[in-house]
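The values are calculated or read from the model by the stated rules, or taken from the named source; none is laboratory data. Just so it is clear, the model here is predicted, and its values are computed rather than measured. Glycine also receives a Cβ, built like all others from the backbone with ideal geometry; neighbour counts cover every protein chain displayed.
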Amino acid sequence: MSGPFRKPGGRRLGGPRGLGELMGATLGTAKLARGVGRARAILAWPQAVGPEIARLTRPRTQQGSVLFIEVRDSATAHHLTMQRHHFLKALRALLGDDSVTELRFSVGAVREAVTAPPPPALPAPDKARARRLVSEVQDDLRPAALRAAEAITRARKWREAQGWRPCPVCEEPSAEQPCRACTLTLADPNVRRTARALLRDPERLPAVAEVIGDSGSNAARHLALRLLEGQLDLLALECVRSGQEDGYREFLAQQADVYLSLILRRPRSALQRRDRVNLPENARNVLNAGRG
């Protein structure tokens with residue numbers, strides 16, 4: 001019996017497909033899927049960062065989990081790089097996954113549309129905040145850095161205008177509370193271990209960022225403060241029940257100092273009585289009603 005029918009060019013019309021043909025189709029589909037996945041981050045960039053940052057930047061390509069973004073000059077690239085964790089959190093929240101884990105800014109060709117309206121003037125407090133962000137930038141780079149800082153401030157206000165509230169961990173405006181990036185960080189076992197260590201030694205907080213990064217440090221501090229709030233409420237209740245018994249009150253005062261050290265980012269030795277205004281209400285009332 002003759003073999004499967006073939007086209008005049010030699011391709012078979014029936015029977016099993018060749019391995020090379022199957023692999024080519026499979027690889028082609030995989031490449032297309034990867035391309036679409038990378039395009040998502042590039043297309044989502046303007047919505048994630050807001051119109052002001054989008055005007056200064058152009059997402060060029062994604063390689064692996066790194067998104068490469070072009071800006072107009074080196075000062076803007078440097079300033080946006082220093083603030084990149086804010087944009088990364090907003091982008092990952094919009095994408096709903098961790099397909100982008102790093103942003104890299106470099107100088108490139110970024111054209112602003114001729115018809116683009118000028119950016120709105122910032123209120124005086126926001127302009128002052130932007131100036132503080134560039135206070136240590138060299139004089140020759142400061143004008144460009146200030147434009148970037150003002151754009152960052154406008155982007156923050158734009159997210160707030162969408163109804164986003166500050167994340168309780170990183171304090172950046174977010175639709176989710178905590179934001180998606182911080183939610184993932186809070187679940188990290190290293191962050192949880194660090195939070196327990198901070199309960200014993202809050203003075204370690206400045207050094208924590210060198211080990212688990214700024215986002216990890218903020219998350220560990222947040223977890224420690226939440227644990228301390230629960231302890232302070234229970235201790236305050238026991239103090240009231242026991243009539244300010246010395247043992248409970250002394251432990252309450254100790255835990256209150258740990259709480260204040262973390263929330264004020266100050267060593268316990270530098271705390272003063274007036275700092276108690278930052279304590280949860282029950283603990284503050286009990287300590288202020290007692291002596292010392």
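Restricting attention to segment 159-177, does a residue exist that is more than 16 Å from ARG92 (Cβ to Cβ), touching a residue at least 60 places away in the same chain (Cβ under 8 Å) and in the same structural domain as ARG131 (by TED's automatic domain parsing)?
Step one: of segment 159-177, the residues more than 16 Å from ARG92 (Cβ to Cβ) are 160-163, 165-166, 168, 171.
From what's left, touching a residue at least 60 places away in the same chain (Cβ under 8 Å): none.
Among the residues of segment 159-177, not one is more than 16 Å from ARG92 (Cβ to Cβ), touching a residue at least 60 places away in the same chain (Cβ under 8 Å) and in the same structural domain as ARG131 (by TED's automatic domain parsing), which makes the answer no.
Per-residue answers, yes or no, for (1) out of contact with any Cys (no Cβ under 7 Å at 6 or more places or on another chain); (2) on the phi < 0 side of the Ramachandran plot; (3) surrounded by 15 or more Cβ atoms within 10 Å (Cβ to Cβ); (4) among the charged types (D, E, K, R):
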site: ALA181; (1), (2), (3), (4): yes, yes, yes, no
site: THR185; (1), (2), (3), (4): yes, yes, yes, no
site: ASP188; (1), (2), (3), (4): yes, yes, yes, yes
site: ARG204; (1), (2), (3), (4): yes, yes, no, yes
site: ALA224; (1), (2), (3), (4): yes, yes, yes, no
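Scanning segment 118-150 for residues that are among the aliphatic types (A, V, I, L, M) and farther than 16 Å from HIS79 by Cα, we see that the one that is modelled with the highest pLDDT is ALA128. Listed by first and then second residue, the pairs with beta-carbon distance under 6 Å, at least 6 apart or on different chains, first residue in segment 89-111 and within 24 Å of PRO166 (Cβ to Cβ), second buried (at least 16 other Cβ atoms within 10 Å of the Cβ) and polar (S, T, N, Q), form an empty list.
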